[in-house]
Structures are given as structure tokens and as C-alpha cells.
Amino acid sequence: MSQKKSFLQKLSDLTHIHHRAAFTDVHKRTSPKSDFLKLAENRYSCRAFTTRKLLQTEINQILEACRVAPTATNKQPVHVWTVKSEEALAKLKEATPYTFDAPTVFMVGCNKEEAWVRKYDGHNEAEIDAAIVGSHLMLEAADLGLGTTWVGSFDPAKIKELFPETAGWQIVALFPTGHPAMEPSPRHAQRKPMEEFTSEL
């Protein structure tokens, strides 16, 4: 009797182990890392590019990703300029040393007069809207296999002088874009641990 009980107990233990293993396997198979999360993790700041020019179809896809980006109450107080001619790129270098000789640079600007304003404290959301557009731009570029980086170091007055088309707009960021000629920096994967980065209330 004791031997029979021992056998049944062992059988029960094996069944539990099998169930746990099956549950773990199903959990892994049904909870894969999303394509977006893979894209977000793999995208890195690129500061060296090949001389290969962007296709117009690639530029169009990046611009469409910018156009569909969410903005506060959908006011869309943002404009994007594509700088790609040799003449325009040379002018832009007068306003910043950080074009990294990319074949294309996108300039993202906002207009505070067109933006949503928070009634409680008068906070204008224009720059945040432009930042969201910039995030879409970088992620779409990464999805196309292109490299880009956010450049905030530039002379805004010089840009207005060199590019009168930007009058009435505040340039928020520049995005040199092209085919990468570098790997991610060692700092790319450095992130705060989740328990430090987020809190539950």
C-alpha cells in the first residue's frame, strides 16, 4: 500500500511539473516581445552616415509618420522641412556643426500660436507636439533601416536668417538622417532598472 501511494505521489508530482512547464511555455509563446518594442530597443543615435542618398519613397514615408503623429487636441502646430540639396545642406552647416554630413536633415518646428494651451496654468504644448513628431520621425527612419539622431545644438536665429521659409516657426530639433556608418555607442543599452524608472500609485 505504501509503495502504491508512493507511486501515485510521484505521478502527481510529475503531473504538476508538467503543468507548470506547459504554463511557462504557453506564457512565453503568447507573450513575445512586440515588433514595436524591438524597434524601440534597437533604434540608436547615429552620428556617422554613408554617402548614399535617401530614396524619395523613404523620405515620403518618414514625412507621413510625422504627419500622423498625435498632437494635443489634434491642432498639429508643427511643420517639417526636408533639407537635402547640397546648397541647403551647406547653409545649414552655418547654423550647426552637427549635421554629421548626413545626406538629408529634417527640421521640425512648431507654432505656439496654433497650439493647445492648458487652462490650469497656461502651459503651451507646441514643443511637446513637435517632440512627438520627432519621435515618430526617428522610429520610422529606424524601421526603414536608416539612422538618425536628435540635434538640439543649433543657432535658431541663423536658421531663420538662412531659411526665411521658417519665419513664424520655432525650430525645435534637427534630425540628420541617412544610412548608418557606425554601430550603437556602448551607452545605448544603459537604462535605469524598472523599479527605479517607474512607480505604481
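The values are calculated or read from the model by the stated rules, or taken from the named source; none is laboratory data. Bear in mind the structure is a predicted one, so any value in this text is a computation, not a measurement. No Cβ is skipped: glycine too gets one built from the backbone with ideal geometry, and neighbour counts run over all protein chains shown. Only protein heavy atoms, including side chains, enter the accessible area calculation; ligands, DNA and RNA are left aside. Shrake-Rupley method; radii C 1.70, N 1.55, O 1.52, S 1.80 Å.
Looking only at residues of region 130-141 that are open to solvent by less than 10 Å² (accessible area, probe 1.4 Å) and in contact with a helix residue (DSSP H, G or I) (Cβ under 7 Å, 6 or more places away or on another chain), we find that the one that is nearest to Ala72 (Cα to Cα) is Val133. Kindly provide the set of residues from region 112-129 that are within 12 Å of Pro70 (Cβ to Cβ) and open to solvent by less than 20 Å² (accessible area, probe 1.4 Å), ordered by number. The one that is within 12 Å of Pro70 (Cβ to Cβ) and open to solvent by less than 20 Å² (accessible area, probe 1.4 Å): Asp129. Candidates in region 65-80 are the residues that are open to solvent by 70 Å² or more (accessible area, probe 1.4 Å) and touching a residue at least 60 places away in the same chain (Cβ under 8 Å); of these, the one that is nearest to Tyr98 (Cα to Cα) is His79. Within region 124-132, can one find any residue that is at positive phi and either modelled with pLDDT of 95 or more or β-branched (Val, Ile, Thr) (or both)? Looking for residues that are at positive phi and either modelled with pLDDT of 95 or more or β-branched (Val, Ile, Thr) (or both), one finds none in region 124-132, hence no.
Inside region 96-120, can you point out the residues that are in contact with a His (Cβ under 9 Å, 6 or more places away or on another chain) and farther than 11 Å from Ala173 by Cβ? Pro103, Asn111, Val117 - these are the residues of region 96-120 that are in contact with a His (Cβ under 9 Å, 6 or more places away or on another chain) and farther than 11 Å from Ala173 by Cβ. Taken over region 81-95, the criterion of being open to solvent by 80 Å² or more (accessible area, probe 1.4 Å) and over 24 Å from Met182 (Cβ atoms) is satisfied by Glu87, Glu94.
Exactly one residue among Asp129, Asp101, Asp121 is in contact with a strand residue (DSSP E or B) (Cβ under 8 Å, 6 or more places away or on another chain), assigned to a loop (DSSP other than H, G, I, E, B) and not hydrophobic (A, V, I, L, M, F, W, C), and that residue is Asp101. Within region 104-130, residues that are within 30 Å of Ala90 (Cβ to Cβ) reach partners that are open to solvent by 80 Å² or more (accessible area, probe 1.4 Å) and not polar (S, T, N, Q) with beta carbons closer than 6 Å, at six or more positions or on different chains, in the pairs Thr104/Lys84; Cys110/Glu127; Ala126/Lys112. Considering only residues of region 25-50 that are under 24 Å from Pro184 (Cβ atoms) and exposed (fewer than 10 other Cβ atoms within 10 Å of the Cβ), which is modelled with the lowest pLDDT? Ranking the qualifying residues of region 25-50, first place goes to Pro32. Within region 69-98, the set of residues being touching a Pro at 6+ places or on another chain (Cβ under 9 Å) and not in a loop (DSSP other than H, G, I, E, B) comprises just one member, Leu89.
Conditions tested, residue by residue: (1) surrounded by fewer than 17 Cβ atoms within 10 Å (Cβ to Cβ); (2) over 16 Å from Leu89 (Cα atoms); (3) in contact (Cβ under 8 Å) with a residue 40 or more places away in the chain; (4) not aromatic (Phe, Trp, Tyr).
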{"residue": "Asp143", "(1), (2), (3), (4)": "yes, yes, yes, yes"}
{"residue": "Gly152", "(1), (2), (3), (4)": "yes, yes, no, yes"}
{"residue": "Lys158", "(1), (2), (3), (4)": "yes, no, yes, yes"}
{"residue": "Ala167", "(1), (2), (3), (4)": "yes, yes, no, yes"}
{"residue": "Gly178", "(1), (2), (3), (4)": "no, no, yes, yes"}
{"residue": "Met182", "(1), (2), (3), (4)": "yes, yes, yes, yes"}
{"residue": "Arg187", "(1), (2), (3), (4)": "yes, yes, no, yes"}
{"residue": "Lys192", "(1), (2), (3), (4)": "yes, yes, no, yes"}
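Report yes if Ile171 is out of contact with any strand residue (DSSP E or B) (no Cβ under 7 Å at 6 or more places or on another chain) and of a type in the set (Val, Ile, Thr), otherwise no. No: the conditions fail for Ile171. Taking region 164-201 as the range and being part of a loop (DSSP other than H, G, I, E, B) and among the small types (Gly, Ala, Ser) as the test, the residues that pass are Ala167, Gly168, Ala181, Ser185, Ala189, Ser199.
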